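Quick note: the coordinates plus some simple rules give every number you see, no bench work behind them. Bear in mind that the values here come from a model prediction, so they are computed numbers and not experimental data. Here the Cβ positions follow ideal geometry from the backbone for every residue, glycine too, while neighbour counts run over all protein chains shown.
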Amino acid sequence: MRTGKVSYLSDLHFDHTQWRSELAFWDYELNFMDRQLTGIIENSRKQKVLARAEHFQNAFAIHREEMSRLRHKISWHEEQLARVAQLLPSKIEQQHFHDHQALRSRFDDQRTLFRQLKDEFFSFLEEQIDVAISIM
């Protein structure tokens, strides 16, 4: 991804497209983790395990809310760019636009938080698999 103060419309649109793809993949990953978590909840009666499962359910919900806000911000920004493109169609690729640094930063922060959530969840999942194997 590009950084800086100004960008071309095509660069900003590229970022939006890339972010939307990443959000779609996060949806897929969250659905996978939800299914794994459901299996753990259905097969465990230990209060400590269920409390951690609830923690992950809450974290997944918070992440989904932020993903929704990011989608809204991306759509809003794309609409603003489309309006400018309609007003200046002949000069659109020569025109520089203020880079969406705040949105980029917010997305990067969420990417880091999601990576941390995944690491934490997969450590928890690994623990539960180890427990299940030891019982067999």
Spin-label pair ALA61/ALA82, simplified geometry with 7 Å Cα→Cβ offset, distance in nm: 3.3
Which whole-angstrom value gives the distance between the alpha carbon centres of region 116-136 and region 33-51? 11
Which of GLN47, SER21, LEU113 sits farthest toward the positive end of the charge dipole of region 7-131, with +1 on the Cβ of Lys and Arg and -1 on the Cβ of Asp and Glu? GLN47
Acute angle (nearest 10 degrees) that the helix 47-87 long axis makes with the longest principal axis of the chain, alpha-carbon atoms: 10
